[in-house]
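Worksheet for the structure shown next.
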Amino acid sequence: MPALPLDEAGRYVAGAYVAFVMLVVFYVVIIGVKVSRMERELERLKQPGEHWRR
Amino acid sequence: MVVYGKGLRPLAASATVAVAVAFSLVFFYAPMDADQGFVQKIFYLHVPMAIVALCGFVAAGVMAIRHLRSGDRSWDMRSYVAIHLSIILGVGVLVTGSIWAKASWGHWWVWDEPTLVSFLIVFLLYCTYPPLRFSIEDAERQARCASVFAITAGAFVPFNFLAVRLAEAYTHPRVLSATGGQMPGSMRLTFLVSLVAMALLFTTLWKLELTAKNLARELRGLRRSAERAAGGEGAPARAAPDTPTRGAAVTATATPPRGS
């Protein structure tokens, strides 16, 4: 197939790069939310007696 | 995060810089391909992602060997995270590959193309890893079976790669070869920087997920200690096992006993 014109090829290239960025961002956000939630709970549990008294 | 994520910040910073440099080289330095034109820019994303994903699968096999040899479960955890991340990158490879195929060949997928189909086979093979792993309840057995799978499948990856190379019918572009391929220097440099950036990104995300898993494990341990300290009165009976269970990191919410 002949090379696509720039405007048409640009859509495909943008699609590929945006898909990649979205994949990484989703992954980082999911792990980040989990880690921050666990960190908060860890801090709470590390305070002796605090957690179980409530 | 502070304890387990040691070295994560500099690693994340270097990965971010490397990805930014790679993207800059792709769009402002690498020349336009004479044959494919602008669409060829996908190559700098798609190929490094595929290489890193396949290397991740092989690395997971090596980590699984270390687990079986030493009995140290942390190697099983590393192997699991490497496979998980490689599967995610595999999704990226399939998506970007399909976009590139549509732009270059006019089809989203070509079934008689060995490279595409072989990658799909490897991807689907590894997609069976999580269900296999989490279908086993006993922690020791789970880790051992997962390691055996990781080793067997990890050995299959280079074998599969060689088989594709030996296949005769090629429509998929072959840019890396023993003779160095047909890439000019600027394209080669851009490709290598992209490969390094992808490897750094993989390592950063691998470490990030390991940090999350270790944190979840410590949380489970602390929760058990807290339950014991509470004298078992009204403490929740569902002590999580000290093993990488799928839901543990997600549903790690303590349910403190009321009024104890």
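It is to be established whether one or more residues within the range B:41-59 are outside any helix (DSSP H, G or I) and either farther than 17 Å from B:Ile88 by Cα or at pLDDT 95 or above (or both).
No: zero hits.
Can you name every residue in the range B:99-116 that is buried (at least 18 other Cβ atoms within 10 Å of the Cβ) and under 23 Å from B:Gly37 (Cβ atoms)?
Filtering the range B:99-116 for residues buried (at least 18 other Cβ atoms within 10 Å of the Cβ) gives B:99-101, B:103-104, B:113-116.
Correct list: B:Ile99, B:Trp100, B:Ala101, B:Ala103, B:Ser104, B:Glu113, B:Thr115, B:Leu116.
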Residue list for the range B:67-100, restricted to those being under 8 Å from the mean Cα position of the chain (by Cα) and either not polar (S, T, N, Q) or not in a helix (DSSP H, G or I) (or both): B:Val81, B:Ala82, B:Ile83, B:His84, B:Leu85, B:Ile87, B:Ile88, B:Leu89, B:Gly90
Residue count for the range B:119-147, restricted to those that are under 16 Å from the mean Cα position of the chain (by Cα), among the β-branched types (Val, Ile, Thr) and over 14 Å from B:Val157 (Cβ atoms): 1
Identity of the residue in the range B:27-39, surrounded by fewer than 24 Cβ atoms within 10 Å (Cβ to Cβ) and part of a helix (DSSP H, G or I), that ends up nearest to the other protein chains (Cβ to nearest Cβ): B:Phe38
Among the candidates B:Phe161, B:Phe134, B:Phe119, residue that is over 30 Å from B:Asp35 (Cβ atoms) and surrounded by 14 or more Cβ atoms within 10 Å (Cβ to Cβ): B:Phe134
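Would you mention how many residues in the range B:104-137 are of a type in the set (S, T, N, Q), closer than 21 Å to B:Ile51 by Cβ and away from chain A (no Cβ under 14 Å)?
We begin by selecting, within the range B:104-137, every residue of a type in the set (S, T, N, Q); these are B:104, B:115, B:118, B:128, B:135.
So of that shortlist, the ones also closer than 21 Å to B:Ile51 by Cβ come out as B:104, B:115, B:118.
Remaining after also requiring away from chain A (no Cβ under 14 Å): B:115, B:118.
So the count comes out to 2.
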Residue within the range B:61-74 that is of a type in the set (A, V, I, L, M, F, W, C), in contact with a Phe, Trp or Tyr (Cβ under 9 Å, 6 or more places away or on another chain) and without any contact (Cβ under 8 Å) to a residue 12 or more places away in the chain present: no
Members of the range A:5-54 found to be modelled with pLDDT under 80, closer than 20 Å to B:Ser24 by Cα and among the charged types (D, E, K, R), listed by number: A:Asp7
Identity of the residue in the range B:72-96, of a type in the set (A, V, I, L, M) and under 18 Å from A:Met22 (Cβ atoms), that ends up surrounded by the most Cβ atoms within 10 Å (Cβ to Cβ): B:Leu89
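The values are calculated or read from the model by the stated rules, or taken from the named source; none is laboratory data. Keep in mind the model is a prediction, meaning the values are calculated, not measured. Quick reminder, even Gly has a Cβ in these numbers, built from the backbone with ideal geometry, and neighbours come from all protein chains shown.
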